[in-house]
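Okay, so here's the structure we're looking at.
The values are calculated or read from the model by the stated rules, or taken from the named source; none is laboratory data. Small disclaimer: the values here were computed from a predicted structure and weren't measured. Backbone-built Cβ (ideal geometry, glycine too); neighbour counts: all protein chains shown. Surface areas here come from the heavy atoms of the whole protein model, side chains and all, with no ligands, DNA or RNA. Shrake-Rupley method; radii C 1.70, N 1.55, O 1.52, S 1.80 Å.
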Amino acid sequence: MTAKVTPRSEDYSRWYTDVIQMAELADYAPVKGCMVIRPYGYALWENVKEGLDRRFRATGHVNAYFPLFIPLSFIQKEAEHVAGFSPELAIVTIGGGEELEEPLVVRPTSETIIGYMYSRWIRSYRDLPVLINQWANVVRWEKRTRPFLRTTEFLWQEGHTAHATAEEAQEETLRMLNVYTEFAVEDAAIPVIPGRKSESEKFAGAVTSYTIEAMMGDYRALQSGTSHFLGQNFARAFDIKFLDENNELQYAWTTSWGLSTRMVGGIVMVHGDDQGLVLPPKLAPIQVVIVPIWMEDAQRSRVLEAVYQVEGMLRDQVRVKVDAREEYSPGWKFNEWEMRGVPLRIEIGPKDVEREQAILARRDLPGREGKRTVPRSTLVGEVKETLSAIQSHLYQRALAFRQAHTYDPADYNEFKEAIPNGFAFSWWCGSAECEARIKEETKATIRCIPLEQEPGRGKCIYCGRDAQERAIFARAY
RNA sequence: CGGGGCGUAGCGCAGUUUGGUGAGCGCGCACGGUUCGGGUCCGUGAGGUCGGCGGUUCAAAUCCGCCCGCCCCGACCA
């Protein structure tokens, strides 16, 4: 506890796990690959949930819950889906002490069981669209795990929609990708690149997969949310059919989209520094911490009185906490709350009580630079303004960082030099072979083909043939 | 699944090479005092089947064998 986090420059992944544990976001569970999300980390996740849920509702979605167990045969109904997920399934074969007639899969994702239910619920075009989301846990037996980024069990939301036409489903897919983008940018202060996945990187069973990709502090990419256009693949596998206006039987068009607790890892790696966690105000469980300072007992009650008064002024406007613990010195508390990423600290001591003022200290600006004295009379306004200034500063800083580490290499040699230090935004001919070779030679994969790019043509960074699109290449988590 | 590292008090570690004096150090924890505007200081104290099982030996944290677990790096993935 008294130890400091490992500096990022010394060992980035050690820094990451240090921060996760020391800030008390999560702890390792007794089962390999599993973690306990501690109250502070869970509060952060709950704020992520809230930010998303609000947007899901605003776009017409409703929440529901489907079972954890899926008959093994369901998973096997969609050819690509089974191929993609088989290696990482957890399967239950015994229940109540007896061998089950059919093994049950612990859901790795719910397209199949939801598809099955949709086939029973959808009869007519009037039943469409179906716009359902669920908040759930899923299990994927990953070989290599890291807290939040890849755990055997993780929490997420998965939206599953069914539509009458391909166009409508396509629109939905991009609408939700856009919701993710908006959430990442506005709430998490993480700049992301929305784009399309290559064939080899797309979701098992999808026609087209879309993603938002973010750059972490070590220049690696993190897929932070995905939205899939499933075409009629799952509708055919699960017989999701409806009668259209012309009394003709049609397969529905479906989508699915998800964002997981991985986002928490992204927040840590995008904003954190050598002091520890740095949380964007909109998602921070504690936005403002008030640290009282006193020398003698006589001052104690006066300081505390002022502190609670300030807390009262702020309480219904921001998430505020008073740290009145007597066993720790103010300096200790400063470090503790900085390590835990609280965006704004208010210091109130005897001098401040006397002058009816308080010190504001920003987490995103180190030392003196982030400290400011404000009069009590304007404190509430100042706090709110400062929080929103921190929110936008974090975004701008992350954006500038990504831009500074995004390259447009002139040739493959430059490309190879760029990859360890950031993203390469390069022309790609579209062949899976070039993609595979690049991966083999540089460990970089196509993170996405950005939706927004200037039309034109170029030469594939690998083979030199004509290319119509540029892709983001990077090493990924 | 392959490579590397590690399991000794809640945490971080020393001790293991060369078996044997007392299982130790720092932090944390409890109590008392002191301090408090950037991780106070002092004192007292609690806390350990040395990952597990088996073997060698008069004697094992230390040597041997097997097993288990965790972390990091790779291939696979939200």
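Extension gain for A:Asp53 to A:Asn421 (0.36 nm times residue separation, less C-alpha to C-alpha distance): 128.9 nm. Where Lys and Arg each count +1 and Asp and Glu each count -1, what net charge lies around A:Gly265 among other residues with Cβ under 13 Å from its Cβ? The answer is +3. Each label point was placed 7 Å from the Cα along the Cα-to-Cβ direction; for A:Glu167 and A:Lys371 their separation is 6.2 nm.
Restricted to Cα atoms, the stretch A:203-262 shows a radius of gyration and a Dmax of 16.3, 56 angstrom.
Below 8 Å between Cα atoms, with a sequence gap of 6+, how large is the relative contact order for the stretch A:229-298 in percent?
RCO, the stretch A:229-298: 20 percent.
Maximal additional length on extending the A:Ser9-A:Asp316 stretch stands at 106.5 nm, based on 0.36 nm per residue less the C-alpha distance.
Using the alpha-carbon positions of the stretch A:140-228, Rg (one decimal) and Dmax (whole number) come out as 14.1, 44 Å. Coordinate range of the alpha-carbon atoms in the stretch A:315-470 per principal axis, descending: 73, 33, 26 Å. When a 1.4 Å probe is rolled over the protein heavy atoms, the share of accessible surface on chain A that falls to carbon and sulfur comes to 48 percent.
Based on the Kirkwood approach, the hydrodynamic radius assigned to chain A is 24.5 Å, with every pair of different Cα atoms included.
Put simply, the Cα atoms of the stretch A:211-337 extend 84, 37, 18 Å along their principal axes, the longest span coming first.
Could you report the stretch A:407-474's accessible area per residue, 1.4 Å probe, as an integer in Å²?
Details: 3660 Å² over 68 residues.
Spelled out: the 1.4 Å probe surface of the stretch A:407-474, per residue, equals 54 Å².
Give me log10 I(q)/I(0) at q = 0.19 Å⁻¹ for the stretch A:288-386, Debye formula, one equal scatterer per alpha-carbon, no solvent. The calculated log intensity ratios at q = 0.19 Å⁻¹ are -0.88.
State which entries of A:Lys282/A:Lys371; A:Lys4/A:Lys282; A:Lys32/A:Lys197; A:Lys77/A:Lys241; A:Lys197/A:Lys416; A:Lys4/A:Lys32 exceed 23 angstrom in Cα-Cα distance in the structure shown. List each step's numbers first, then the result.
Details: A:Lys282/A:Lys371 21 Å; A:Lys4/A:Lys282 26 Å; A:Lys32/A:Lys197 30 Å; A:Lys77/A:Lys241 16 Å; A:Lys197/A:Lys416 21 Å; A:Lys4/A:Lys32 26 Å.
Distance filter (> 23 Å) returns A:Lys4/A:Lys282; A:Lys32/A:Lys197; A:Lys4/A:Lys32.
Of all DSSP-defined beta bridges confined to chain A, some 80% are antiparallel rather than parallel. Taking only the C-alpha atoms of the stretch A:407-474, Rg followed by Dmax gives 10.5, 29 Å. The residues neighbouring A:Glu10, those whose beta-carbon lies less than 13 Å from its own, together hold a net charge of -1 under the Lys/Arg +1, Asp/Glu -1 convention. Using alpha-carbon pairs under 8 Å, 6+ residues apart, how would you state the relative contact order of chain A in percent? About 13 percent, as a whole number. Largest first, the residues A:Glu186, A:Glu369 sort by 1.4 Å accessible area into A:Glu369, A:Glu186. Put a plus charge on the Cβ of each Lys and Arg, a minus charge on the Cβ of each Asp and Glu, and nothing anywhere else: the dipole of chain A about its Cα centre is then about 680 debye. Can you work out ³J(HN,Hα) from phi for every residue in the stretch A:247-263, in order, using Karplus 6.51 cos²θ - 1.76 cosθ + 1.60 and θ = phi - 60°, giving whole Hz and x for Gly and Pro? Result, rounded to whole Hz: 6, 9, 6, 10, 7, 6, 10, 10, 9, 8, 8, x, 9, 10, 4, 3, 3. Take the Cβ atoms of A:Gln309 and A:Arg38, set R0 to 25 Å, and the FRET efficiency comes out at 0.20.
Starting from the Cα-Cα distance between A:Glu454 and A:Glu88, subtract it from 0.36 nm times their residue separation and give me the gain in nm to one decimal.
Details: separation 366, 0.36 × 366 = 131.76 nm, distance 3.87 nm.
Gain in length upon complete extension: 127.9 nm.
For the stretch A:5-39 versus the stretch A:81-96, the inter-centroid distance based on Cα atoms is 28 Å.
Rounded to the nearest 0.05, what FRET efficiency is calculated for A:Arg300 and A:Gln21 with R0 set to 25 Å and r the Cβ-Cβ distance?
Efficiency, from the Cβ-Cβ distance: 0.15.
Give, as a single signed number, the net charge of other residues whose beta carbon lies under 13 Å from the beta carbon of A:Val106, with Lys and Arg counted +1 and Asp and Glu -1. Could you put the intermediate results ahead of the total?
On the way: positive: A:Arg107, A:Arg140; negative: A:Glu88, A:Glu153.
My count for the surroundings of A:Val106 gives 0.
Ranking A:Leu177, A:Ile94, A:Phe154 by Cα position along the charge dipole of the stretch A:12-271, where only Lys, Arg, Asp and Glu carry charges on their C-beta atoms, puts A:Phe154 farthest toward the positive end. The calculated 222 nm mean residue ellipticity attributable to helices in chain A amounts to -10500 deg cm²/dmol, summing -39500 (n - 2.57) over DSSP H runs of n ≥ 4 and dividing by all residues. Solvent exposure of the stretch A:161-246, expressed per residue, is 31 Å² of accessible area, with all protein chains present and a 1.4 angstrom probe. Since only A:Ser73, A:Ile267, A:Ser224 are under comparison, the one whose Cα sits farthest along the positive direction of the charge dipole of the stretch A:12-271, derived from C-beta charges on Lys, Arg, Asp and Glu, is A:Ile267. Placing a pseudo-label 7 Å from each Cα along the Cα-to-Cβ vector at A:Asn247 and A:Asp408 gives an inter-label distance of 5.9 nm.
Give the residues of the stretch A:188-221 whose amide nitrogen is closer than 19 Å to a point set 7 Å from the Cα of A:Arg465 in the direction of its Cβ. Under cut-off, by backbone N: A:198-201. Could you please state, rounded to a whole Å, how far the C-alpha centre of the stretch A:334-363 is from the C-alpha centre of the stretch A:247-324? Comparing the Cα centres of the stretch A:334-363 and the stretch A:247-324, I get a distance of 15 Å.
Which percent of the Cα-Cα distances in the stretch A:12-271 go past 29 Å? Before the final figure, lay out the partial values.
Numbers: 10685 of 33670 pairs.
That tail contains 32 percent of the Cα-Cα pairs.
In the full protein context, the stretch A:15-98 carries 50 Å² of accessible surface per residue, based on a 1.4 Å probe and ignoring ligands, DNA and RNA.
Where both bridge residues fall in the stretch A:12-271, DSSP classifies roughly 95% of the beta bridges as antiparallel.
Over all pairs of different C-alpha atoms in the stretch A:83-175, the reciprocal of the mean inverse distance, the Kirkwood hydrodynamic radius, equals 15.7 Å.
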